[in-house]
Amino acid sequence: MQFGRAFYASLAKPRFISVISSFKDPSRALTSTINRATTVGQLLQVLHKQGTYFNPIHITAFLVRLTKLSSGTTRWHDKLEPLTKQVLHQAPFFDSRAFSITLWALARLKHTPSEEFLAVMAKESAGKLASFNAQELSNTLWAYATIRYNPGHAFFITMQKECQNKLPSFYLQSLSTMVWAYARLRQNPGKPLLAAVSKELVEKLTSFNSKSLSNTLWAYARLRHNPGEAFFAAITKESNVKLVNFNAQDFSNTLWAYATLKHDPGETFLASLGKQSKEKLSSFSAQDLSNTMWAYATLEHSPGEVLLTAIMKQSADKLASFTDQGLSNTLWAYAKLEYNPGEAFLLAIVQDSMGKLASFSGQSLSNSLWAHAKLGHNPGETFFMAMEGACQDKLSSFNAQDLSNILWAYARLQHPPSEAFLADLVLESEDKLPAFKAQDLSNSLWAYATLGHHPGKVFLAAVVEESQQKLISFRAQELSIALWACAKIGYAPVEEFLVAVGDVSPQKLASFSSQNLSNTLWALAEFGHVPRNTFLVAITIESHERLSSFNTRELSITLCAYATMCITLVKDSLRVRSRRAKPK
């Protein structure tokens, strides 16, 4: 977080009136000695010799001077212990400025004090937050966020109230800092405050630099707060102007934020961002690369083969630095964008994943296997064995989509897992069926049918019952697949379900492919179910109109289905013959 000359100048001004009044001897000579130090060494000597005499004025003067003299090295951090001990003694006498500057300086110096120190500072400052001005509130939040210390629920309740009350007094940079700090600490200050901040910022974003733009957008995404269309329009416009100044993390955070908030910034912006980021890909960290890929896939925007290939090459060079989630997200993104990064890269991911599978979450395991299947890549027997073991260990953490995707992937890759694992998947899925979406139900049935595994009548009955409740949300292909799978497994759903399918299908028939049409008729024939006339006429007309798109197998299946259902096709009509007249 950057602070200008005016801020540093303000720190040098003798404005500690409330603190000075608490002391009969403000020890101005000691303050002068501190301010005359020209090196860190000289400053530390003052601390060593006279640190026990430091009052709040001396403490803040020392820290401000240290931030100016420090060159970024941390070799002297262990020599600050006398100072932190003195702060603990003097904390009850601190005013708002002393608290704010002490915390800000320690964070600025990248010095993390002890837990005891931070707890005392949080406790002592919480009762005085009402006296903090806007800048002090912002700096305090920034310091805790930078140190990554959570000062506790009670502190945040009071802090939120004070920020809300003093919002009109916040400088533009302080508003951005406040939101970023809350996000970094994963503390949501509530919709009213966040909405007020975004409203305040929307007209003033032109004065933000690239880092402030990306940090602000990232913060709203981290807090899962939608700042509104006006804010999105303003920040997208301003970011587009300043893309040339973005660094790797700015690019990655911006994309990640849009994807997380499910806001499409538009093709023009994404194209510009892709062009500018390509020039700086070599400086992207492993996390930047994986977040970028995940964002493009989530936004359903392909940045083009050139950029995807460039990202792949950078990722290959830094693969050892990828986290388990980074590996999974990158692989998932390439599959989602339907871009095959090549056998060498996929094998490298497999090899790197093998040593990290135990730390994969259930979703990461599911996404990884799904991606390999989607890309048509067989990861090898060793990987399959390791994957099955890892999935067994995390099975209870799998959600409905994870379970469905795992099954679908094994079936798509034509690699049946062990019977024991399939049995466990059935049990886990049965408990979570109410959370299955139409696609999850359809894919699960397809997978069991393709793997040649009968999951049991009780489970299939439960799937059919769940599917009937969600029939309206089934797409054309999902309806056809569900029927085909049941028939392939040798399980006939109850008549009530088949009638319900016939009732919802006519309005979806236009979306059926020729394969969907023939498979649906075949399945109904296998069940020995003759649909109601309305559905039968509708599917016959639809099939007739698209007859030229049927292949030989689909034509054969369709004709056999009609014959099995004892239906005679005559011009402009259908005739259902007696079941006893069914041809052999």
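Each value in this text was obtained by applying a stated rule to the coordinates, not by laboratory testing. It should be emphasised that the depicted structure is a prediction, and the values quoted were computed from it without experimental measurement. Quick reminder, even Gly has a Cβ in these numbers, built from the backbone with ideal geometry, and neighbours come from all protein chains shown.
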Output the pairs from Lys275/Lys374; Lys123/Lys242; Lys199/Lys432; Lys275/Lys437; Lys128/Lys191; Lys336/Lys394 with a Cα-Cα distance over 30 Å in this structure; if there are none, say none. Lys123/Lys242; Lys199/Lys432; Lys275/Lys437
What ratio of Cα Rg to 2.2 N^0.38 Å holds for region 198-277? 0.96
In what order do Glu428, Glu554 fall by count of nearby beta-carbon atoms within 10 Å, going from fewest to most? Glu428, Glu554
Please list 143-156, 175-188 highest first by mean number of surrounding beta-carbon atoms within 10 Å per residue. 175-188, 143-156
Can you work out the FRET efficiency for the pair Val241 and Lys123, with r the C-beta to C-beta distance and R0 = 41 Å, to the nearest 0.05? 0.35
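Using a Förster distance of 45 Å, how high is the FRET efficiency between Ser283 and Gln164, based on the Cβ-Cβ distance and rounded to 0.05? Don't skip to the answer; put the middle values down first.
Numbers: r = 39 Å, r/R0 = 0.86.
FRET efficiency, Ser283 to Gln164: 0.70.
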Using only the alpha carbons, work out the radius of gyration and Dmax of region 276-333 in angstrom. 10.3, 28
Using just the alpha carbons, could you tell me how many Å³ per residue the convex hull of region 122-250 encloses? 95
Which whole-number percent gives the relative contact order of region 198-277, counting Cα pairs below 8 Å spaced six or more residues apart? 39
Expected 222 nm ellipticity per residue - DSSP helices of 4 or more, -39500 (n - 2.57), all of the chain, to 500: -20500 deg cm²/dmol
Please list, in chain and number order, the residues 5+ apart from Ile567 or on another chain whose amide H is under 5 Å from its amide H, with Hs placed from the backbone. Arg577
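What ranking do 57-67, 557-567 get when scored by the average of other Cβ atoms within 10 Å per residue, highest first?
Numbers: 57-67: 23.3, 557-567: 18.1.
The densest-packed peptide leads the list: 57-67, 557-567.
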³J(HN,Hα) computed for each position of region 188-202 - Karplus, 6.51 cos²θ - 1.76 cosθ + 1.60, integer Hz, glycine/proline x: 7, x, x, 4, x, 5, 5, 5, 5, 5, 5, 5, 5, 7, 4
If you average the alpha carbon positions of region 268-283 and of region 112-137, how far apart do those two centres end up, in angstrom? 41
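Between Ala435 and Ser359, take the C-beta separation as r, use R0 = 30 Å, and let me know the FRET efficiency to the nearest 0.05. Kindly include the intermediate steps, with their values, before the conclusion.
On the way: r = 25 Å, r/R0 = 0.84.
Once rounded, the FRET efficiency stands at 0.75.
Given contacts defined as C-alpha pairs under 8 Å and at least six residues apart, what's the relative contact order of the chain, whole-number percent? Before the final figure, lay out each step's value.
Values: 698 pairs, mean separation 33.1, N = 584.
Once divided by the residue count of the chain, the mean separation gives 6 percent.
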The farthest towards the positive end of the charge dipole of region 289-392, of the residues Tyr334, His372, Tyr296, given +1 on Cβ of Lys and Arg and -1 on Cβ of Asp and Glu, is Tyr296
Which ³J(HN,Hα) values in Hz, rounded to whole numbers, follow from the phi angles of region 212-228 under the Karplus curve 6.51 cos²θ - 1.76 cosθ + 1.60, where θ = phi - 60° and Gly and Pro get x? 5, 4, 5, 5, 5, 5, 4, 5, 4, 5, 4, 8, 6, 10, 7, x, x
So if I take the centroid of the Cα atoms in region 395-460 and the same for region 170-243, what is the distance between those two points in Å? 42
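Which three numbers, in whole Å and largest first, are the semi-axes of the equivalent ellipsoid of the chain derived from its Cα gyration tensor as √(5λ)?
Values: eigenvalues 842, 115, 103 Å².
Calculated on Cα positions only, the semi-axes equal 65, 24, 23 Å.
Kirkwood-based Rg over Rh for region 291-377 (C-alpha set), two decimals?
Details: Rg = 11.7 Å, Rh = 12.7 Å.
Across region 291-377, the Cα-based Rg/Rh ratio is 0.92.
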Beta carbons within 10 angstrom, averaged per residue: use that to sort the peptides 260-266, 331-337, 484-490, highest first. 331-337, 484-490, 260-266
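Ala461 to Asn378: extension gain in nm, 0.36 nm per residue of separation minus the Cα-Cα distance? Intermediate results must be reported in sequence, preceding the final value.
Working: separation 83, 0.36 × 83 = 29.88 nm, distance 3.28 nm.
Taking 0.36 nm per residue and subtracting the Cα distance, the gain is 26.6 nm.
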In order through region 527-544: 3J(HN,Hα) via Karplus (6.51 cos²θ - 1.76 cosθ + 1.60), integer Hz, x for Gly, Pro: 6, x, 10, 9, x, 4, 4, 4, 5, 4, 5, 5, 6, 5, 4, 4, 5, 5
Any idea how far apart Ala195 and Asp503 come out in nm if each label point goes 7 Å out from Cα toward Cβ? 4.1
